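To start, the structure under review is shown below, and the notes come after it.
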Amino acid sequence: MSCALARDTAPTVHSSAKPDATVNPCTLCAPLGAALATAGVRGAIPLLHGAQGCATYIRRYLISHFREPMDVASSSFGEAQTVFGGEDNLGRALDNVLAQYHPELVTVATTCLAETIGDDVPLLLTRYRARTGSAPPLVHAATPSYKDGHVEGFHAMVYALVKALACNKGTPLRAVNLLPPLLSPADLRHLREIVAGFDVAATVLPDYADRMDGVILDQYRALPDGGTRLVDIASMPRALGSIDLTLTGRAPRASHLLAERGAPARVLGLPIGVRATDAMIETLADLTGAGRPAWLLGERGRLLDAYADGHKCVFGARVGLYGDPEFVAALAGFLLEIGARPVFCATGARNRALPEALAALPAGSVDEVLDDTDFESIGAACERHKPDLLMGSSKGYRLAHSLNIPLLRVGFPIHDRLGAGRILHVGYRGTTRLFDELVNALLQRQQDASPVGFSYL
Amino acid sequence: MSFSLLKERRAQVVRNNRDGVAALDCNKASAAGSVSQRACTFCGSRVVLYPIADALHLVHGPVGCAAYTWDIRGALSSGPELHRISCSTDMREREVVFGGEQRLEASLRRLIAQHAPRAAFVYGTCIVGVIGDDVPAVCKRVEADVGIPVIPVLAEGFRGTKRDGYNAACGALLTLIGTGDTRTVKPQSINLLGDFNVAGESWIIRKYFEEMGVEVVSVLTGDGRVDEIRRAHGARLNVVQCAGSMTPLAKAMQERYGIPFIRVSFFGIEDTADALYRTAEHMDTPQVMERARALVGREISRVLPELRACKQDLAGKRAGLYVGGAFKAFSLVRALRQLGVSVVLAGTQTGSQEEYEELQAVCDENTVIVDDTNPLELASFLVEQDVDVFIGGVKERPIAYKLGIGFCDHNHERKIALAGFEGALAFAREVRATATSPIWNLMPRRMRAAAPMGDKP
């Protein structure tokens, strides 16, 4: 391992939106993010306007990660709809979804096909509502995948939900809004727990913790329990403030919209690492006026204690990071905090959020940033930077395998291991787990490489 | 769960009645909003051609369609692994507006130069069909320069059902077949159609034929090689396993090259033995049949003792199955009956009228038969029919597990070979492992009679 001394040069930013093919994509498509965000609202079901395959591929993908039922309806375009427009199919799809699922909310996200033929979905939804009268709220987000990936689709749906539903401007409530990016159910639960530690209610949008990490059932539920209630979303403008953990880049922020409607926005990074978690805790203390709960201070102290025990193992470790911008940016901060080196930071997202976020780090913190990239380019970055370890989704498994280096699985998607939904990344507790895993992965590597092995750390 | 069958779908569900075959409405577009388990036309073409390991597979469209089909099948290769990378032209707004032909051509030229494939397949996705890129013209232009076949596979997602995608794949294969030298092909020879070498299944079947003295000229498409496919017209007989996808190809080869075909299955010991015998009948030396008899006798005596032990453990268990094509369903019904397991729920995504008649004939009284079903129907019938083990793919798995019901993957992602005699044994072990696991005794579904812990009436 080389020395972790920071260099004072700016990182190279490669935007590998190539002139030709993308090989082994580092992103999924926009409607997937929109569908998952929808699962974070109680009683909501996503409907994709387009051909059947989009909904099925996305279901299969989300099921592979979360190992939970995930129903996504489709307006099931055929050739006729492609030529003449999809209004009839959208109407029948809504009829059938309402009849089968009795949802409290239906979100309609558009596929490439519907966007390309130019269906005016807001107009179609208005006409549907006028025709049927009694439909539940219908929220639309434009999510063409020739523009965006799953990260942007997720943000677009959260923004659409806030825009359409968070309209209640009454008296202030003793509540805090939390706007997370695509996190694990374990993360969402822990974030709720942290906010509850400050004696305020948390409105987390989206909150799919209970739907995407549910209990075993006796009787099947068409729409599983869990998710943020519509009434709570409506009241978001009345909260003490919003803690926004997303990086939306060039796209508008839901928290800014909420600020316009009355709840001040605090934009933070993901709380991974001591400093980033401190920032969230300070913000919560500030917003609520409450003291820091003792159990959180205990977790902070134990995390620092773990850092002391393991710091030499990670010093100078060269780590390649890839994934959603929020994760990559937060993990880079965490690695720098413990003396490891994020040799490259890569994302397949197209919203320019990652380079922006990394620009806030001290010069020389990161050697290279790969924006809007694919695994072919990440493989080439590995050749240049020779990482000791990769941190990211299952998508890097074959790369790590071919380089014979460990892969520490974080983020989304994780479909070659059990328990993706139970991975805790955030807070002092999540950071402690990540730190242990990182140290142990590096130790394992040393043990495997040693002809005699060793029995004590 | 309150559940009522959608009006549009009432004719797609029947309860088996020995007195007469009920007509089942099938082979039609999925009801919009029904949450079909089907994918799209593109998917049909992609899964059939996917295992050809020395060809380049380029998806022309936005990134999602390629991302979802990256390394999606456990189709193994004994050599090159080009099929395991995911290549997309990753069309952006610019291409949607100005056309994607330039990007397609640049992608093809770069990837062919980089990977030196023996052929290239270009898959059209929805928006390519809408914006009107002339994909065949680009393919022709590149083919003329690079000297390998560059084959357009135009099965845009909205064009029809998955079956239409199979047809497009068969069409693509036909452009290769007939272009190779068949002089060295032996008189006792076959092609194996519709085996995809998932978990190495083609290798098991190939080994049987080799032992019988029958040359396997090509496998379409498991562990597939372009040069083998090119000489497939030299075989004496086409042995068709996945009849749903490969019958159009077998029929076309019969017309064009006079090669007869038989429909067989290698799932279950009865069907495997039958497949080997019927193949031997088409060969013109008696030694082939003698060797087939010896092989079948030996293999059956090898696996039978453990199969019997499994049967004992499985006595009285009830199975449900939902698979892509009907021929697999027939085999599974027979294989499960061999194990003493009765099938009480059976369905397919793409069955035809005749196939459903046969399915009703092989199933017992009161078996529920479903066409193009959805999660709510499946969940409802699993409980109503008191199923112990459900057999399907990734999207069916969480429905079973959520209800505390055993599950066995018989789809693309299985890691255990289930074909042939050893596969029949592996299947029996799989079914036993899940159907007789002690964990189910802890689940609410099985504890209904007992008082739930800590739950006061």
Subset of the range B:63-79 [in contact with a helix residue (DSSP H, G or I) (Cβ under 9 Å, 6 or more places away or on another chain) and more than 10 Å from chain A (Cβ to nearest Cβ)]: B:ARG73, B:ALA75, B:LEU76, B:SER77, B:SER78
Residue tally, condition under 18 Å from B:ASP54 (Cβ atoms) and surrounded by 24 or more Cβ atoms within 10 Å (Cβ to Cβ), over the range B:107-116: 1
Those residues of the range B:434-457 which are at pLDDT 75 or above and away from chain A (no Cβ under 14 Å), in sequence order: B:THR434, B:ALA435, B:THR436, B:PRO438
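Starting from residues that are assigned to a helix (DSSP H, G or I) and among the small types (Gly, Ala, Ser), keep the ones in the range A:30-53 and report whichever is nearest to the other protein chains (Cβ to nearest Cβ).
Across the range A:30-53, the extreme among qualifying residues is A:GLY53.
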Extreme residue, nearest to the other protein chains (Cβ to nearest Cβ), among residues of the range A:59-82 that are of a type in the set (A, V, I, L, M), assigned to a helix (DSSP H, G or I) and within 24 Å of B:ARG397 (Cβ to Cβ): A:ILE63
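Name the single residue, out of those in the range B:91-106 being out of contact with any strand residue (DSSP E or B) (no Cβ under 6 Å at 6 or more places or on another chain) and surrounded by 24 or more Cβ atoms within 10 Å (Cβ to Cβ), that is nearest to the other protein chains (Cβ to nearest Cβ).
Let us first name the residues in the range B:91-106 that are out of contact with any strand residue (DSSP E or B) (no Cβ under 6 Å at 6 or more places or on another chain), namely B:91-103, B:105-106.
Going one step further and asking which of them are surrounded by 24 or more Cβ atoms within 10 Å (Cβ to Cβ), we end up with B:91, B:100.
Numbers: B:MET91: 5, B:GLY100: 10 Å.
Once the filter is applied, the top-ranked residue is B:MET91.
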Some residue of the range A:95-111 being among the charged types (D, E, K, R) and closer than 27 Å to A:ASP374 by Cα: no
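Got a sec? Which of A:THR56, A:THR12, A:THR27 is surrounded by fewer than 24 Cβ atoms within 10 Å (Cβ to Cβ) and either more than 7 Å from chain B (Cβ to nearest Cβ) or not small (Gly, Ala, Ser) (or both)?
On the way: A:THR56 fails: surrounded by fewer than 24 Cβ atoms within 10 Å (Cβ to Cβ); A:THR27 fails: surrounded by fewer than 24 Cβ atoms within 10 Å (Cβ to Cβ).
Result: A:THR12 is the single residue among A:THR56, A:THR12, A:THR27 that is surrounded by fewer than 24 Cβ atoms within 10 Å (Cβ to Cβ) and either more than 7 Å from chain B (Cβ to nearest Cβ) or not small (Gly, Ala, Ser) (or both).
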Residue match in the range A:85-93 (condition: in contact (Cβ under 8 Å) with a residue 12 or more places away in the chain and within 27 Å of the chain's Cα centre (by Cα)): no
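Listed here are the residues, each with its yes/no results for (1) outside the structural domain of A:ILE281 (by TED's automatic domain parsing); (2) part of a helix (DSSP H, G or I); (3) in contact (Cβ under 8 Å) with a residue 40 or more places away in the chain; (4) under 27 Å from A:GLN100 (Cβ atoms).
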{"site": "A:SER134", "(1), (2), (3), (4)": "yes, no, no, yes"}
{"site": "A:TYR159", "(1), (2), (3), (4)": "yes, yes, yes, no"}
{"site": "A:GLY170", "(1), (2), (3), (4)": "yes, no, yes, no"}
{"site": "A:ARG189", "(1), (2), (3), (4)": "no, yes, no, no"}
{"site": "A:VAL195", "(1), (2), (3), (4)": "no, yes, yes, no"}
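Do we find a residue being free of Cβ contacts under 8 Å to residues at least 60 places away in the same chain and over 17 Å from A:LYS147 (Cα atoms) anywhere in the range A:46-53? Working first, answer last.
Let us first name the residues in the range A:46-53 that are free of Cβ contacts under 8 Å to residues at least 60 places away in the same chain, namely A:52-53.
Adding the requirement that they be over 17 Å from A:LYS147 (Cα atoms) leaves A:52-53.
Yes; the residues of the range A:46-53 include at least one that is free of Cβ contacts under 8 Å to residues at least 60 places away in the same chain and over 17 Å from A:LYS147 (Cα atoms).
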The range A:83-95, residues that are in contact with a Leu (Cβ under 7 Å, 6 or more places away or on another chain) and either surrounded by fewer than 24 Cβ atoms within 10 Å (Cβ to Cβ) or not in a helix (DSSP H, G or I) (or both): A:GLU87
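Regarding B:ALA379, is this residue surrounded by fewer than 23 Cβ atoms within 10 Å (Cβ to Cβ) and assigned to a helix (DSSP H, G or I)?
Working: surrounded by fewer than 23 Cβ atoms within 10 Å (Cβ to Cβ): no; assigned to a helix (DSSP H, G or I): yes.
For B:ALA379, the condition - surrounded by fewer than 23 Cβ atoms within 10 Å (Cβ to Cβ) and assigned to a helix (DSSP H, G or I) - is not met.
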Qualifying residue in the range A:122-130 (condition: aromatic (Phe, Trp, Tyr) and not in a helix (DSSP H, G or I)): no
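Does B:LEU174 satisfy the criteria of being more than 14 Å from chain A (Cβ to nearest Cβ) and either among the hydroxyl-bearing types (Ser, Thr, Tyr) or assigned to a helix (DSSP H, G or I) (or both)?
Working: more than 14 Å from chain A (Cβ to nearest Cβ): yes; either among the hydroxyl-bearing types (Ser, Thr, Tyr) or assigned to a helix (DSSP H, G or I) (or both): yes.
Yes, satisfied.
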Test: residue in the range A:163-178 that is under 15 Å from A:ALA44 (Cβ atoms), surrounded by fewer than 24 Cβ atoms within 10 Å (Cβ to Cβ) and within 14 Å of chain B (Cβ to nearest Cβ): no
Unmet requirement for B:ALA361, which otherwise passes all of (1) away from every other protein chain (no Cβ under 14 Å); (2) surrounded by fewer than 16 Cβ atoms within 10 Å (Cβ to Cβ); (3) touching a residue at least 40 places away in the same chain (Cβ under 8 Å); (4) more than 30 Å from B:SER301 (Cα to Cα): (4)
The lone exception for B:VAL431 - which of (1) within 11 Å of chain A (Cβ to nearest Cβ); (2) more than 27 Å from B:PHE3 (Cα to Cα) it fails: (1)
Among (1) over 25 Å from B:SER77 (Cα atoms); (2) not in a helix (DSSP H, G or I) - the single one B:ALA294 does not satisfy: (2)
Positions within the range B:80-90 being out of contact with any Gly (no Cβ under 8 Å at 6 or more places or on another chain), facing chain A (nearest Cβ under 9 Å) and assigned to a loop (DSSP other than H, G, I, E, B), in sequence order: B:ILE85, B:SER86, B:ASP90
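Sort through B:GLY320, B:GLY347 and tell me the only one that's part of a strand (DSSP E or B), more than 14 Å from every other protein chain (Cβ to nearest Cβ) and in contact with a strand residue (DSSP E or B) (Cβ under 9 Å, 6 or more places away or on another chain). Quick ask: steps written out before the conclusion?
On the way: B:GLY320 fails: more than 14 Å from every other protein chain (Cβ to nearest Cβ).
After ruling out the rest, the residue left standing is B:GLY347.
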Single residue of the range B:28-75 satisfying the filter (of a type in the set (S, T, N, Q) and over 17 Å from the mean Cα position of the chain (by Cα)) that is farthest from B:CYS242 (Cα to Cα): B:SER34
Flag if B:GLY64 is in contact with a Gly (Cβ under 7 Å, 6 or more places away or on another chain), crowded, with 21+ Cβ neighbours inside 10 Å and either outside any loop (DSSP other than H, G, I, E, B) or of a type in the set (Phe, Trp, Tyr) (or both): no
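Rundown of residues vs (1) more than 14 Å from chain B (Cβ to nearest Cβ); (2) within 21 Å of the chain's Cα centre (by Cα), yes/no style:
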residue	(1), (2)
A:LEU217	no, no
A:ARG221	no, no
A:LEU245	yes, yes
A:LEU258	yes, yes
A:ARG261	yes, no
A:LEU268	yes, yes
Residues being more than 8 Å from chain B (Cβ to nearest Cβ) and under 25 Å from B:GLU156 (Cα atoms) - total across the range A:83-104: 7
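Scan the range B:190-221 residue by residue and report those that are more than 18 Å from B:ILE52 (Cβ to Cβ) and not in a strand (DSSP E or B). Quick ask: steps written out before the conclusion?
First pass over the range B:190-221, keeping only residues more than 18 Å from B:ILE52 (Cβ to Cβ): B:190, B:204, B:207-215.
Those that are more than 18 Å from B:ILE52 (Cβ to Cβ) and not in a strand (DSSP E or B): B:ILE204, B:LYS207, B:TYR208, B:PHE209, B:GLU210, B:GLU211, B:MET212, B:GLY213, B:VAL214.
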Residues of the range B:233-290 that turn out to be in contact with a Ser or Thr (Cβ under 7 Å, 6 or more places away or on another chain), in a helix (DSSP H, G or I) and more than 23 Å from B:VAL47 (Cβ to Cβ), as a count: 2
All positions within the range B:420-439 that are in contact with a strand residue (DSSP E or B) (Cβ under 7 Å, 6 or more places away or on another chain) and farther than 20 Å from B:LEU378 by Cα: B:GLU430, B:SER437
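The values are calculated or read from the model by the stated rules, or taken from the named source; none is laboratory data. Keep in mind that what you see is a predicted model, and the values were worked out from it rather than measured. Cβ: placed from backbone, ideal geometry, glycine included. Neighbour counts: every protein chain shown.
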